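Asker: Below is the structure I would like to discuss, written out as structure tokens.
The values are calculated or read from the model by the stated rules, or taken from the named source; none is laboratory data. Bear in mind the structure is a predicted one, so any value in this text is a computation, not a measurement. No Cβ is skipped: glycine too gets one built from the backbone with ideal geometry, and neighbour counts run over all protein chains shown.
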Amino acid sequence: MPTPRVPISPDKHSWQPSLIPGVVTLVTSVDATGVPNLAPKSFVQMVSFDPPMLMFSGQPEGNTEANILATGSFGVSLVHGALTERAFGCIQWQGAERLANAGFTLEPATAIAAPLVAECRAWLECELRDTKQVGGALVVFAEIVAASIRPEIMEQAPRQRYPALDLAMFLEGGLYASVERARPATPEAPGPHSTRWVYLLSHAQPELFTQDLVRAHVAHLAALEDQGLLELCGPFGERKGGMVILRGVDREQAEAIMAADPFVSSGAEHAELREWALSSRDNRHMGMG
Ligand SMILES: Cc1cc2nc3c(=O)[nH]c(=O)nc-3n(C[C@H](O)[C@H](O)[C@H](O)COP(=O)(O)O)c2cc1C
């Protein structure tokens, strides 16, 4: 029996689901007089390791492409989940109006004249090497001459850098996907990557709960999320406590994080720390499957 297959249109616009997601970036450039421009681009791909070259598919009549042809460089700022709405929405404006309304901050790059977007978490600085007209598109080939990333991401264990970076991938139909989890492509033994630390919170002195205390607890969780250390969190349905699941930490770090949680340090809640071994197909159910 042949594999059942439903034909779909080759027109990418109509794909639902998208079969070729592309990383969402903001491409920054300057014109010959130094006026900056910014445009979202997701047809972006590496083309060579050595020299490190990428390509993006642009438009022959685009401002970005005109600037790059005039000045020979551009920045690629990688968009994360929290910036995605702004990145998608900014194309309702053009040129200076887009920059003024989109709320992105441009700051100087290190190796190129084009600026970078300060709100992003990782950046590539590129020098134009070639262009090619393909169909209606102008494909730009460029060498990556500098790359940088936020220090708090590089402080994480390699696999935890992915949730901390939180790359956004363009899908069709107004959707995007998050790169939230890096998984092994080869079988591996159980280890620290398959451990989570969980702290369970239960009410101790409910009279201590104030709006300020809840805000401080939420700020604690937000800081953990920004560092890529928060897997999941939330109150239980009966609202008598909650659970916080940490990743990328050892017992000592988990204890310190739990003790620093304002719900715990204030005495409002009791906390119990548990080590949790993740059993899944990734690790053949802790090597037993
Ligand atoms: C998420 C997203 C991804 C996009 N990706 C591309 C792309 O890869 N190539 C492209 O030419 N246009 C892309 N666009 C459309 C351009 O951003 C849009 O045409 C923009 O107005 C070009 O601006 P510019 O003329 O200032 O360069 C994308 C738009 C969005 C919202």
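Asker: Go through segment 1-30 and give me each residue that's assigned to a loop (DSSP other than H, G, I, E, B) and in contact (Cβ under 8 Å) with a residue 12 or more places away in the chain. Spell out how you get there, then give the answer.
Answerer: As a first pass, look at segment 1-30 and keep what is assigned to a loop (DSSP other than H, G, I, E, B): 1-11, 15-21, 24.
Once the filter is applied, which keeps residues that are assigned to a loop (DSSP other than H, G, I, E, B) and in contact (Cβ under 8 Å) with a residue 12 or more places away in the chain, segment 1-30 yields W15, Q16, P17, S18, P21, V24.
Asker: Collect the residues in segment 104-154 that are in a loop (DSSP other than H, G, I, E, B) and either within 16 Å of the chain's Cα centre (by Cα) or among the hydrophobic types (A, V, I, L, M, F, W, C) (or both), keeping them in residue-number order. Can you show your working first?
Answerer: Filtering segment 104-154 for residues in a loop (DSSP other than H, G, I, E, B) gives 104-105, 108-115, 118-121, 135-136, 150.
Those that are in a loop (DSSP other than H, G, I, E, B) and either within 16 Å of the chain's Cα centre (by Cα) or among the hydrophobic types (A, V, I, L, M, F, W, C) (or both): F104, A109, A111, I112, A113, A114, A118, E119, C120, R121, R150.
Asker: State which residue is farthest from C90 (Cα to Cα) when the search covers only segment 31-53 and only residues that are within 12 Å of the ligand (Cβ to nearest atom) and not in a loop (DSSP other than H, G, I, E, B). Reasoning before the result, please.
Answerer: Of the residues in segment 31-53, the ones within 12 Å of the ligand (Cβ to nearest atom) are 31, 35-45.
Subsequent filtering for residues that are not in a loop (DSSP other than H, G, I, E, B) retains 36-41, 44-45.
On the way: P36: 15, N37: 12, L38: 9, A39: 8, P40: 8, K41: 12, V44: 18, Q45: 22 Å.
Ranking the candidates gives Q45 first.
Asker: Please go through segment 102-118 and pick out each residue that is buried (at least 19 other Cβ atoms within 10 Å of the Cβ) and closer than 21 Å to G72 by Cα.
Answerer: L106, A109, I112, A114, P115, L116, V117
Asker: Here's a follow-up. State whether the residues of segment 56-70 include one that is assigned by TED's automatic domain parsing to the domain that holds I153, surrounded by 13 or more Cβ atoms within 10 Å (Cβ to Cβ) and within 22 Å of the chain's Cα centre (by Cα).
Answerer: Yes.
Asker: Just checking, which of G75, G89 is touching a helix residue (DSSP H, G or I) at 6+ places or on another chain (Cβ under 8 Å) and at pLDDT 95 or above?
Answerer: Working: G75 fails: touching a helix residue (DSSP H, G or I) at 6+ places or on another chain (Cβ under 8 Å).
Being touching a helix residue (DSSP H, G or I) at 6+ places or on another chain (Cβ under 8 Å) and at pLDDT 95 or above holds for just one of G75, G89, which is G89.
Asker: Among residues belonging to segment 54-73 that are in a helix (DSSP H, G or I) and not small (G, A, S), point out the one that is farthest from the ligand (Cβ to nearest atom).
Answerer: As a first pass, look at segment 54-73 and keep what is in a helix (DSSP H, G or I): 63-71.
Those left that are additionally not small (G, A, S): 63-65, 67-69, 71.
Working: N63: 3, T64: 3, E65: 7, N67: 8, I68: 9, L69: 12, T71: 14 Å.
My answer is T71.
Asker: Could you please let me know if E65 is touching a Gly at 6+ places or on another chain (Cβ under 6 Å) and modelled with pLDDT of 95 or more? Even if it seems obvious, please write down each step before you answer.
Answerer: On the way: touching a Gly at 6+ places or on another chain (Cβ under 6 Å): yes; modelled with pLDDT of 95 or more: yes.
Yes: the conditions hold for E65.
Asker: Out of curiosity, is A100 more than 10 Å from the ligand (Cβ to nearest atom) and modelled with pLDDT under 95? I'd like the intermediate steps shown before the answer.
Answerer: Details: more than 10 Å from the ligand (Cβ to nearest atom): yes; modelled with pLDDT under 95: yes.
When the stated conditions are applied, A100 passes them.
Asker: Here is a follow-up. Do we find that R181 is outside any helix (DSSP H, G or I) and modelled with pLDDT under 95 in this structure? Let's see the steps before the verdict.
Answerer: Values: outside any helix (DSSP H, G or I): yes; modelled with pLDDT under 95: yes.
Taking the combined requirement at face value, the residue satisfies it.
Asker: If E180 satisfies every condition in (1) in contact (Cβ under 8 Å) with a residue 24 or more places away in the chain; (2) more than 16 Å from the ligand (Cβ to nearest atom); (3) surrounded by fewer than 17 Cβ atoms within 10 Å (Cβ to Cβ) but one, which is the exception?
Answerer: (1)
Asker: A further question follows. Name the residue, out of T84, T110, T105, that is closer than 23 Å to Q227 by Cβ, among the β-branched types (V, I, T) and without any contact (Cβ under 8 Å) to a residue 40 or more places away in the chain.
Answerer: Details: T84 fails: without any contact (Cβ under 8 Å) to a residue 40 or more places away in the chain; T110 fails: closer than 23 Å to Q227 by Cβ.
T105 is the lone residue from the list that is closer than 23 Å to Q227 by Cβ, among the β-branched types (V, I, T) and without any contact (Cβ under 8 Å) to a residue 40 or more places away in the chain.
Asker: Checking A96 against (1) within 16 Å of the chain's Cα centre (by Cα); (2) more than 20 Å from V23 (Cβ to Cβ); (3) in contact (Cβ under 8 Å) with a residue 24 or more places away in the chain: exactly one of these is not met. Which one?
Answerer: (1)
Asker: Please count how many residues of segment 1-51 are among the charged types (D, E, K, R) and within 21 Å of D166 (Cβ to Cβ). Before the answer, list the steps.
Answerer: At the first step, the residues of segment 1-51 found to be among the charged types (D, E, K, R) are 5, 11-12, 31, 41, 50.
Restricting the remaining residues to those that are within 21 Å of D166 (Cβ to Cβ) gives 41.
Total satisfying the criteria: 1.
Asker: Also: Can you confirm whether segment 83-94 contains a residue that is more than 10 Å from the ligand (Cβ to nearest atom), farther than 15 Å from K41 by Cβ, outside the structural domain of Q227 (by TED's automatic domain parsing) and not charged (D, E, K, R)?
Answerer: no
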